[in-house]
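So the structure is just underneath, and the comments pick up after that.
The values are calculated or read from the model by the stated rules, or taken from the named source; none is laboratory data. It should be emphasised that the depicted structure is a prediction, and the values quoted were computed from it without experimental measurement. Quick note on the areas: whole protein, heavy atoms, side chains included, nothing else; ligands and nucleic acids left out. Shrake-Rupley method; radii C 1.70, N 1.55, O 1.52, S 1.80 Å.
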Amino acid sequence: MRTLPRIALISTLTLAAGPAFADGLLFAPVPLAIQAARSGISLGAARLSQNFAETSNGATLDTETGSIGGYTLGVGTQWNYLGLHANYSDFKGNDTYNGALQDLQTGALTPYQDASGNRMLDWSVQADLGFSPAPGLAVMPDVFAGRHIWYRSAGGVGGYEEDYYNDYQGIGLDIAYTAGSLVLSGSYQSGTTSGAYMDSYLGSGARFNLGSHSWQQAAVSLTWVPSLRWKVFASYTETRFGYGQSAPQPIQVNGSTYTFFEPDSTTREGVFSVGVRVF
């Protein structure tokens, strides 16, 4: 027998999701195996590959590439139609800076390569409304918001620290298919960065406000669901975003004042993760 609270919940989902849930009958709920694969507390060992490039007038000024290790954490629940998820990642290590040293007196550039220390943090939240249009299949449109932090420490000659911060938000689509105890899923999310800035600790230091940029992420994952209580997963995620050029800022270095700006930049990050999800 349907109770009044259940009828009210179904009505709410119908209004939120539109025709997909008309009368609560058009599409079935997300299959139980997919609900299990997307629910619980997860911990993963991960590796991040970075490709960062600064550009000006179409020319590449410098790059930073390499891979660093870290971990991922997640907590979430996927119900019949609604899903709520939160994720966190932490990576730390050295990669390779390939650019130039600039003489502040003459402006002359000298090609230069060295190790660069990094720590990258991300956390995000996501809500989806899912349904099953065919047996074993789930379609889950979502909305998301997150924050990215990059602590960047350039070593060697002329080394200094600069830290990048930005928020991001947008919409996406997850599609999953279950065959027995295996769940294969893919997702694509698209949005923009916002509130981006970079704190430079060169000389007297300065804060550079950076322009907004597009943000995209694509991911695939395979989850083994031997029981509703624990699962094993492997995933690969690629994220692309950028920063717009900042306004010039004065910085004092060794008693003299110079004007600097942060150029346009693009970032591509690939993360491979394996781990377990419980409860």
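Cα gyration tensor of the range 112-173, axes a ≥ b ≥ c as square roots of the eigenvalues: rounded (a/c below 1.5), prolate (a/b > b/c) or oblate? Each step should come with its number before you reach the end.
Values: a/c = 5.69, a/b = 3.19, b/c = 1.78.
Cα axes put the range 112-173 in the prolate bin.
Quick check: the distance between the Cα centres of the range 140-205 and the range 70-96, to the nearest angstrom?
Cα centres, the range 140-205 to the range 70-96: 12 Å.
Heavy atoms of the protein only, probe of 1.4 Å, neighbouring chains included. What is the accessible area of Val125 in Å², nearest 10?
80
For the range 61-66, in order, what is each residue's ³J(HN,Hα) by Karplus, 6.51 cos²θ - 1.76 cosθ + 1.60 with θ = phi - 60°, in whole Hz (x at glycine and Pro)?
Calculated HN-Hα couplings, in order: 8, 6, 9, 9, 9, x Hz.
Mind ranking Ile171, Ile251 by accessible surface for me, highest first, 1.4 Å probe? Could you put the intermediate results ahead of the total?
On the way: Ile171 115, Ile251 5 Å².
Sorted descending by solvent-accessible area, the residues read Ile171, Ile251.
What is the helix-to-structure angle for 4-17, meaning the angle in degrees between its Cα long axis and the longest Cα principal axis of the chain, kept from 0 to 90 and rounded to the nearest 10?
Tilt of helix 4-17: around 50 degrees.
Average the reciprocal distances over every distinct pair of alpha-carbons in the chain, invert the result, and give the Kirkwood radius in Å. Show your work: numbers first, answer last.
Details: mean 1/r = 0.0477 Å⁻¹.
About 21.0 Å, per the Kirkwood formula over Cα pairs.
Calculate one ³J(HN,Hα) per residue across the range 200-209 by plugging θ = phi - 60° into the Karplus curve 6.51 cos²θ - 1.76 cosθ + 1.60, and present them in order as whole Hz with x for glycine and proline.
Couplings: 9, 10, 6, x, 6, x, 6, 10, 10, 7 Hz.
Principal axes first, then extents: for the Cα atoms of the range 161-279, list largest minus smallest coordinate on each axis, whole Å, largest first.
Principal-axis extents of the range 161-279 (Cα, largest first): 68, 24, 19 Å.
Would you tell me the accessible area of Arg147, worked out with a 1.4 angstrom probe on the heavy atoms of the protein chains, in Å² to the nearest 10?
Estimated to the nearest 10 Å², Arg147 gives 60 Å².
Accessible area of Asp167, 1.4 Å probe, to the nearest 10 Å²?
Here the residue's solvent-accessible area equals roughly 50 Å².
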